[in-house]
1. Where only protein heavy atoms count, and the probe is 1.4 Å, what is the accessible area per residue for the chain in Å²?
2. Using only C-alpha atoms and all pairs of different ones, pull out the Kirkwood radius for the chain in Å with one decimal.
3. Enumerate the whole-percent occupancy of each 5 Å bin, from 0 to the last occupied one, for all C-alpha pair distances of region 101-140.
4. Send over the per residue convex hull volume for region 1-111, Cα only, as a whole number of Å³.
5. If exposed means no more than 14 neighbouring beta carbons inside 10 Å and the site is in a DSSP loop, what's the longest run of the chain without any exposed trypsin sites (Lys or Arg not before Pro)?
6. Take region 151-250, compute every pairwise Cα distance, and split them into 5 Å bins from 0; I just need the percent in each bin.
7. State the percentage of accessible surface on the chain attributable to carbon and sulfur atoms; use a 1.4 Å probe and exclude ligands, DNA and RNA.
8. Out of region 97-160, which chymotrypsin sites (Phe, Trp or Tyr not before Pro) are coil in DSSP terms and have no more than 16 other C-beta atoms within 10 Å?
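The values are calculated or read from the model by the stated rules, or taken from the named source; none is laboratory data. Computed from a prediction, not measured in an experiment: that's the story for all the values here. FYI the Cβ positions are ideal-geometry reconstructions off the backbone, even for glycines, and counts take in every protein chain you see. SASA here: full protein model, heavy atoms, side chains in, ligands and nucleic acids out. Shrake-Rupley method; radii C 1.70, N 1.55, O 1.52, S 1.80 Å.
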Amino acid sequence: MSDYIVTATAANASIRAFAIDATELVEKARTLHNTSPVMTAALGRLLSAGAMMGSMMKGDDDVLTLQISGDGPAKGLTVTANRHGQVKGYAVNPYVDLPINDKGKLDVGGAVGNGTLTVIRDMGLKEPYNGICNLISGEIAEDLAYYFNVSEQTPSAVGLGVRVAKDGSVEDAGGFIVQLMPNAEESVVAALENQIAKIDSITEMMEKGMTPEDILETILGPMGLEWTGKEPAAFVCDCSKDRVSRALAAINVKELDDIIQDGEPIEVRCHFCGSTYQFSIDELKAIREQASGARLKQIQIQDEFRQ
């Protein structure tokens, strides 16, 4: 197993924890999107978090989406994940180049700027669950911890890190999420705060060669750590020409007519993986007929209800 997520509990299940080695999937994202070092770090952090948060979901078809919108040059980041450790994502502007910050680190906060974090959980219900909060630093880990605490009332510690080599490739990427459950006693809260205060940064731990297991052992070892699972993680994009066709069928019929009247085939590019799909005029006409038929059927159903 290369990239993977481990899950655990501690303190008689009053703490739950997740940790990930995401080195290969972040490197795949870097090569797909040709990200600059600072954007490799930004996207890599969000991908790592997304994979861990996706593993928290219960249904096989559940989908998690993390969206960061900021006024910095990065403009925004989007990541989606499922419960099986599969994650994908992209940056609106993957080429941001900034000097290192005053701590000698890649300036992710400067690239992201001020803005909002939105968490969308689509669990197959009529409406997905949406949570939103303001960014407090743009460094992503702190923003996610703030989101958990404020929007979900789940006190959480989040650590995320990406080490980028001089040639721009990813040396290490990963992180952890540790959360207090509602039954956590004050003594457990104090003990966890003490443990978190003592640990090194994620990048320092990864540079020492520490695995996800080592990281959680360092944090929770003295608190009765118990392992509950381990699963692979990977950058996986499920785009296809059929999925793109369905997306085209969902747009306004007049827009489809305008595209067809131009008389030129179109190319649609997937934001997540860069794959391109070509559609001829005949294919666009078939999609247009499909869209019109679906709308007509919907109108007929609505008329039946009115009667």
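1. Per residue, the chain has 50 Å² of solvent-accessible surface.
2. About 21.0 Å for the chain.
3. 6, 22, 19, 16, 12, 11, 8, 4, 2, 1
4. Each residue corresponds to 130 Å³ of Cα convex hull volume.
5. Between the exposed loop sites, the longest stretch runs 209-307.
6. 2, 9, 17, 17, 15, 11, 9, 8, 6, 4, 2, 0
7. 49
8. none
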